[in-house]
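Just below is one structure, and these are the notes that go with it.
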Amino acid sequence: MKRISLLGIFVGILLLTACSDKPVTADQLPESVTSFIQQYFPGQDITLAKKDIELTGSQYDVVLADGTQIDFDSSNGWNKIECTLENPVPTALIPAPIVSQIRDKFPDAMILKIDRENDGYEVELANGLELTFNKQGSIMGMDD
């Protein structure tokens, strides 16, 4: 009985230590992450970076000097970008059908947040409106 308890405790500790956040410096980030930041957010310094160690791989959370927050998945692709009014999400990162629909329906809107999800995208505009799009870029829902 003690063996089972000790094994359970050991596995629990192993799981807890495997799923943790660890601060990292900019030079410890993967090349693909730093290249992405240099390409789409030129001139922005990385002020904070975290490595999330998960059972499925490492993910990175990065905060830039202007307040932009970017979450990268275990493949080092972005899965969430949250920007500021001064520097909205670069349109080059947003699927063209989504950009087109937002320009048509909300011509003066700035996109402050985009979240890539399994079934599509969630976009937040500067006016507080949240839009949900499917993978093809069609609007599926709206919430204010």
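Since every read-out is calculated from the coordinates, none of them should be taken as a lab result. Predicted model, so just to flag it, every value in this text is computed and none were measured. Backbone-built Cβ (ideal geometry, glycine too); neighbour counts: all protein chains shown.
Pairing each residue of the stretch 114-127 that is more than 15 Å from Pro97 (Cβ to Cβ) with any residue that is of a type in the set (Phe, Trp, Tyr) and surrounded by fewer than 16 Cβ atoms within 10 Å (Cβ to Cβ), provided the two are 6+ apart or on different chains, yields C-beta distances under 8 Å for Leu125/Phe106; Asn127/Phe106.
For the stretch 118-144, the tally of residues that are surrounded by 13 or more Cβ atoms within 10 Å (Cβ to Cβ) and either closer than 17 Å to Val89 by Cα or small (Gly, Ala, Ser) (or both) stands at 13. The set of residues in the stretch 126-144 that are under 16 Å from Leu112 (Cβ atoms) and in contact with a Gly (Cβ under 9 Å, 6 or more places away or on another chain) comprises Glu130, Leu131, Thr132, Phe133, Asp144.
Of the strands (runs of 3 or more DSSP E) lying entirely inside the stretch 34-144, those containing at least 3 residues that are closer than 18 Å to Asp21 by Cα and not acidic (Asp, Glu) are 46-54, 57-64, 69-72, 78-82. For beta carbons closer than 6 Å, sequence separation of 6+ or different chains, a first residue in the stretch 89-100 that is over 19 Å from Phe41 (Cβ atoms) and a second that is surrounded by 13 or more Cβ atoms within 10 Å (Cβ to Cβ), the qualifying pairs are Pro97/Gly137; Ile98/Phe133; Ile98/Gly137. Candidates Ser35, Ser74: the one that is among the small types (Gly, Ala, Ser), surrounded by fewer than 17 Cβ atoms within 10 Å (Cβ to Cβ) and touching a Gly at 6+ places or on another chain (Cβ under 6 Å) is Ser74.
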